[in-house]
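First up is the structure itself, then whatever we jot down about it.
Read-outs throughout are calculated quantities, based only on the coordinates presented, and are distinct from any laboratory measurement. The shown structure was predicted, so the numbers you read here are calculated from the model rather than taken from an experiment. In this analysis, Cβ positions are derived from the backbone assuming ideal geometry, glycine residues included, and neighbour counts consider all displayed protein chains.
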Amino acid sequence: MRLFERIIMLDNISLLGMAPFLNVQLLLDGLLIGSLFALSAYGLALVWGVMNVKNLAQGDFVIMGGYIAVVFARNGIHPIIALPIAAIVMFAFGWLLYITIIKRVIERDLFTSLLATFGIAIVLAQGLNLAFGPDVQVAESGFKTLVLFDGNVTVSQAKLVAFGLAAILAIGLVTFMKKSRMGQAIRATSQDARAAKVMGIDTEKVYAFTFSLNAAICGAAGVLIAMVWVIQPFFGITHSIRSFVIVTAAGFGNLPGVIIAGLGLGAMEQFSGFILGAEFQQATVVGVLIGVLIWRQVQQHKHRQVVQ
Amino acid sequence: MIMNKYTLYGGTLAFGIFAPILFPAYVSQITVLWLMVVFALTWDIMGGQMGYNSLGNILFFGVGMYVCAIVQVGLHYDVAEYTAFSGAVQVHFTTSQYFSGLILGTIAAAFVSSLVAVVFGWIVFGLRGPYFAIGTLGVAIAAGELMGAWDYVGGGGGMSLPGFPGESDGSAFFYVIMFTLAVATFLFLRWLYASRFSLAINAIRDDEEKAEGMGIQTNRYKTVAWSISAFFLGISGAIFGNMTGFIEPLEVAFPTVTFGIFMVLMALLGGKGTLWGPVIGAILFHIIKEITWTYLLGWQWVALGALIVVNVVFFQQGIVGWVQEKWPEKFGIEVDEQLGIEEDSQTETAK
């Protein structure tokens with residue numbers, strides 16, 4: 001039995017060697033999905049960097065956005081129209097969550113925010129499970145599939161559209177952070193909250209806005225994920241871990257890093273899903289997380305030796 | 001206070017001994033109650049006393065469970081064959097075979113779990129704060145997933161353990177064992193927290209860099225603390241696996257979102273960093289859970305998450321911590337009115 005599986009695994013690897021188009025296919029799928037991972041990871045980096053809240057409910061925000069799209073799609077409204085609505089709804093939800101809970105954990109120690117948001121994640125996942133049931137769902141978008149390289153590579157149009165929208169959102173966000181008053185206030189607060197306060201920035205409002213903005217980004221990413229992939233109430237934790245992997249690998253305030261890490265993670269998941277089998281998907285994400293953490297530690301170790 | 005202390009010990013002991021006789025219908029629930037006490041106590045070694053909040057301690061519970069099962073079966077049968085034909089082939093364990101397997105398996109479970117703690121400690125102890133919590137959570141989730149893919153131990157289908165010999169289902173036997181384990185864990189930790197060891201791990205909690213600067217071998221202390229909690233968790237896993245009679249990776253052995261979170265919640269509810277806090281938290285949580293679980297009809301998980309949020313955000317000191325703040329003099333803590341600062345109560349009452 002074991003031997004048999006191992007043969008399949010080797011077979012899959014040699015198959016990749018023999019069929020170059022398969023590589024292209026997996027890489028393309030991975031990069032297109034990875035852009036969506038990068039989007040929610042950027043939200044996490046924002047919240048983590050500005051207010052030092054490690055949001056473990058990140059993935060559940062994504063799934064919530066996805067369910068908004070599913071509800072709209074069921075009523076015949078296209079997911080792309082649902083996108084801004086989901087962002088607005090999630091923005092309001094984030095604000096609500098901020099004034100009830102998050103406000104009270106910002107000043108506390110590191111573990112408090114982690115555990116509090118973990119509690120929120122459980123509530124959200126179980127609430128969605130009660131509302132929609134544990135089945136896997138898709139937001140129907142009605143896009144067609146493109147065929148490239150004489151039928152060797154197929155790309156669903158929905159994925160390309162989602163990639164494009166993710167790119168537009170990312171550009172919009174960067175512009176917002178650079179140019180607008182609020183974006184500048186957010187960046188100032190993340191650099192030095194106290195100095196920002198002295199300069200007359202209402203940091204309380206900045207925190208509330210940052211958290212809500214993150215929820216809105218997640219909601220938008222969720223709509224796109226529901227459109228190109230599947231969602232299920234309990235997929236949230238995997239998305240959260242993905243965001244943590246990306247942010248841990250890239251660091252905060254490093255947008256190119258987040259994008260590259262997001263795309264890389266997407267591609268890595270596709271390849272490992274093909275080689276090891278789809279049931280290892282979560283294990284892959286977690287494995288990458290542990291790998292990144294160990295790598296960081298080795299880096300720190302080197303750094304310490306240099307300091308010594 | 002001395003009077004109080006002995007009534008507390010006596011009351012708990014009396015409850016532990018007479019409860020199964022008085023409420024024979026609830027023996028298995030009360031057994032799980034003692035399991036919960038072990039969970040909360042072992043979590044608190046790291047989370048409360050040392051300030052390393054692990055979300056993945058359930059790893060050792062599952063490792064202990066599987067190690068014990070492999071030893072028990074492996075002593076007399078080929079494990080791969082046993083799991084491959086589970087159910088189809090009737091296997092029989094004699095009384096002596098059963099008990100020798102159980103004892104050896106439990107010992108192996110305790111030591112292998114400690115070993116796993118040492119190995120993983122080497123990987124995760126460089127991580128601080130939230131990275132540690134997320135890293136351990138990741139390790140526990142990955143362990144469950146990988147166990148589910150390992151056919152030698154039955155993969156995702158799980159494996160059934162040898163049945164308890166004789167007529168009875170062994171619930172009274174497992175009750176006694178689990179209660180003994182809970183008492184042993186408590187007494188061991190009472191001794192440990194009164195020793196220099198607790199001063200060192202408390203120093204790590206308060207300021208790890210300074211502790212290191214004072215010449216405390218922080219990494220060694222952290223590894224030892226983690227392997228102590230793994231030791232007791234491994235034993236509890238071995239016993240619980242035999243009690244349920246069937247083990248399976250995601251729901252029984254590595255239940256990260258149920259038992260794994262309960263242990264954190266119980267220690268926080270009772271008051272982390274105290275000796276009695278986890279015990280009180282575990283008893284209270286288990287009673288509330290057993291009473292309400294059946295009436296909430298699917299909402300229990302939402303309630304659980306909400307309880308975590310409320311506990312963490314509004315009541316982080318826990319029950320014992322709150323009582324200590326309210327009546328510090330009863331715990332032998334002197335409050336300097338002039339300074340107006342309460343002394344750190346946790347190190348005081350740990351004794």
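Just counting partner chain Cβ atoms within 10 Å, what average do the residues of peptide A:94-102 show around their Cβ?
What the average comes to for A:94-102 is 1.
Can you compute the FRET efficiency between B:L13 and A:V136 using 1/(1 + (r/R0)^6), with r the Cβ-Cβ distance and R0 = 56 Å? Round to the nearest 0.05.
In this case the efficiency is close to 0.65.
With r as the distance between the Cβ atoms of B:T180 and B:K330 and R0 = 35 Å, compute the FRET efficiency 1/(1 + (r/R0)^6) and round to 0.05.
That pair, B:K330 with B:T180, gives E of 0.70.
Taking the 0 to 90 degree range and rounding to the nearest ten, how far is the long axis of helix A:157-179 tilted relative to the main principal axis of chain A, both from C-alpha atoms?
20 degrees
With axes computed from alpha carbons, what is the tilt in degrees of helix A:20-51 against the longest principal axis of chain A, rounded to the nearest 10 within 0 to 90?
Approximately 10 degrees, to the nearest ten.
Which residues does the label zone of B:E290 cover in the stretch B:254-281, counting backbone N under 14 Å from a point 7 Å along Cα→Cβ?
Counting backbone N atoms under 14 Å from the label point, the list is empty.
Rank-order B:52-60, A:294-302 by packing density, defined as the average count of other C-beta atoms within 10 Å over each peptide's residues, highest first.
So the order, starting with the most tightly packed, is B:52-60, A:294-302.
Counting only pairs 8 or more places apart or on different chains, how many lysine pairs in chain A have C-alpha atoms closer than 23 Å?
Step by step, the pairs that qualify in chain A add up to 11.
So what's the angle, to the nearest 10 degrees on a 0 to 90 scale, between helix B:259-270 and the longest Cα principal axis of chain B?
Once rounded, one gets 30 degrees.
If you average the alpha carbon positions of the stretch B:212-244 and of the stretch A:13-65, how far apart do those two centres end up, in angstrom?
What the calculation gives is 35 Å, centre to centre.
For labels at B:Y26 and A:A19 in the simple 7 Å Cα→Cβ model, what's the distance in nm?
Roughly 6.1 nm, to one decimal.
Can you give me the pair-distance distribution of the stretch B:2-349, C-alpha pairs, 10 Å bins, whole percents?
Distribution as computed: 5, 24, 33, 25, 10, 3, 1, 0 percent.
Which residue, chosen from B:T180, B:N57, B:L297, occupies the Cα position most advanced towards the positive end of the dipole of the stretch B:2-349, where the dipole is computed from +1 (Lys, Arg) and -1 (Asp, Glu) charges on Cβ about the Cα centre?
B:T180
To the nearest 500 deg cm²/dmol, what mean residue ellipticity at 222 nm is calculated for chain A from DSSP H runs of n ≥ 4 alone, each contributing -39,500 (n - 2.57), summed and divided by the residues?
-26500 deg cm²/dmol
Would you mind working out the magnitude of the charge dipole of the stretch A:130-255 relative to its Cα centre, with +1 at each Lys and Arg C-beta and -1 at each Asp and Glu C-beta, to the nearest 20 Debye?
Dipole of the stretch A:130-255, to the nearest 20 debye: 500 debye.
What is the mean number of Cβ atoms from other protein chains located within 10 Å of the Cβ atom of each residue in peptide A:108-114, rounded to a whole number?
Whole-number average of other-chain Cβ neighbours for A:108-114 is 6.
In debye to the nearest 20, how big a dipole does the stretch A:2-307 give about its Cα centre with +1 on each Lys and Arg Cβ and -1 on each Asp and Glu Cβ?
960 debye
So what is the 222 nm mean residue ellipticity for chain B from helices alone, if each DSSP H run of at least 4 adds -39500 (n - 2.57) and you divide by all residues, rounding to the nearest 500 deg cm²/dmol?
About -23000 deg cm²/dmol.
Please compute, for peptide A:283-290, the average count of beta-carbon atoms on other protein chains lying within 10 Å of each residue's beta-carbon.
Mean number of neighbouring Cβ atoms from other chains: 6.
Relative to the present Cα-Cα distance, how much length would full extension add between B:A172 and B:D206 at 0.36 nm per residue of separation?
Between B:A172 and B:D206, full extension yields an extra 7.9 nm.
Quick check: pseudo-label points 7 Å beyond the Cα along Cα→Cβ at A:T100 and B:H92, how many nm apart are they?
Placing both labels 7 Å beyond Cα along the Cβ direction yields 6.1 nm.
Pairs of lysine in chain B with Cα under 26 Å and at least 8 positions apart or on different chains: total?
Number of lysine pairs found: 15.
Counting other C-beta atoms within 10 Å, and keeping those with at most 10, which DSSP coil trypsin sites (Lys or Arg not before Pro) do you find in the stretch A:70-153?
A:K144
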